[in-house]
1. Sum up the charges of everything whose Cβ sits under 14 Å from the Cβ of L139, counting Lys and Arg as +1 and Asp and Glu as -1, but leave L139 out.
2. Using θ = phi - 60° and the Karplus relation 6.51 cos²θ - 1.76 cosθ + 1.60, list the HN-Hα couplings for the stretch 73-80 in order, rounded to whole Hz, with x at every Gly or Pro.
3. Could you compute the net charge surrounding L74? Neighbours are other residues with a C-beta less than 13 Å from the C-beta of L74; K and R count +1, D and E count -1.
4. In square angstrom, what is the accessible area per residue of the stretch 41-106 with a 1.4 angstrom probe?
5. Report, in debye and to the nearest 20, how large the dipole of the stretch 67-158 comes out about its Cα centre when Lys and Arg carry +1 and Asp and Glu carry -1 on their Cβ.
6. Could you give the nm distance between label points at S42 and A94, where each point is 7 Å from its Cα heading toward the beta carbon?
7. Given H placed 1.01 Å from N in the peptide plane, which residues other than close sequence neighbours of S98 have an amide H under 5 Å from its amide H?
8. Exceeding 20 Å between C-alpha atoms, which entries from my cross-link table qualify? They are K35/K55; K77/K106; K33/K70; K70/K90.
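The values are calculated or read from the model by the stated rules, or taken from the named source; none is laboratory data. Please read all numbers here as calculations on a predicted model, not as lab measurements. Cβ coordinates were reconstructed from backbone atoms using ideal geometry, including for glycine residues, and neighbour counts include every protein chain displayed. Please note that ligands, DNA and RNA were not included when accessible areas were found on the heavy atoms of the full protein model with its side chains. Shrake-Rupley method; radii C 1.70, N 1.55, O 1.52, S 1.80 Å.
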Amino acid sequence: MIKSRFPNMLLLGSVLLVTLFSCQKSNDDDGPKSKSALLTASLWKIASVGADLDKNNTVDLPYPLENCEKDNTLEFKTDGTGISREGATKCDPADPDSENFTWSLKNNETILNIAIPGSFFSGDATIITLNETTMEAYLDITDPDTGTEVRIIFKLIH
């Protein structure tokens, strides 16, 4: 009798061990990614741009993006540099294919400081949202023609 139960007990013990080890929590999850890691994960494209006239973090006056702007990409590298690339369609054929820029995160990763030569995407942008697929931020800029401060909200997507 004892001999006939031994294989069953061995099988039950093996199943229990497998179950116990498979239910243990994995240490592979290091928690939420930093904003720097999210920013540098892959290329970004401009999804939308617009003016926030009442500064409530919603676009009041959308800027109509042209197709030649929608295919441009931004690549944020981990060393604080980046590359802005023209897509397959250029708005101006004389524009360079790419331009280098610099970036950094400030104020506990709530501010993206970015310097893209000749672009309104330069300065301290306050991050509204940053996750695996979307970044939304705003820049307060001064209109060179009127001297009026304008809040520009931009949304980037992967």
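1. Once positives and negatives cancel, what remains is -2.
2. In residue order, the calculated couplings are 10, 10, 10, 9, 9, 5, 8, x Hz.
3. My count for the surroundings of L74 gives 0.
4. The answer is 60 Å² per residue.
5. Using only the charged Cβ atoms, the result is roughly 200 debye.
6. Between S42 and A94, the simple spin-label model gives 3.6 nm.
7. Under 5 Å from the amide H of S98: E86.
8. Among K35/K55; K77/K106; K33/K70; K70/K90, the Cα-Cα distance tops 20 Å for K35/K55; K33/K70.
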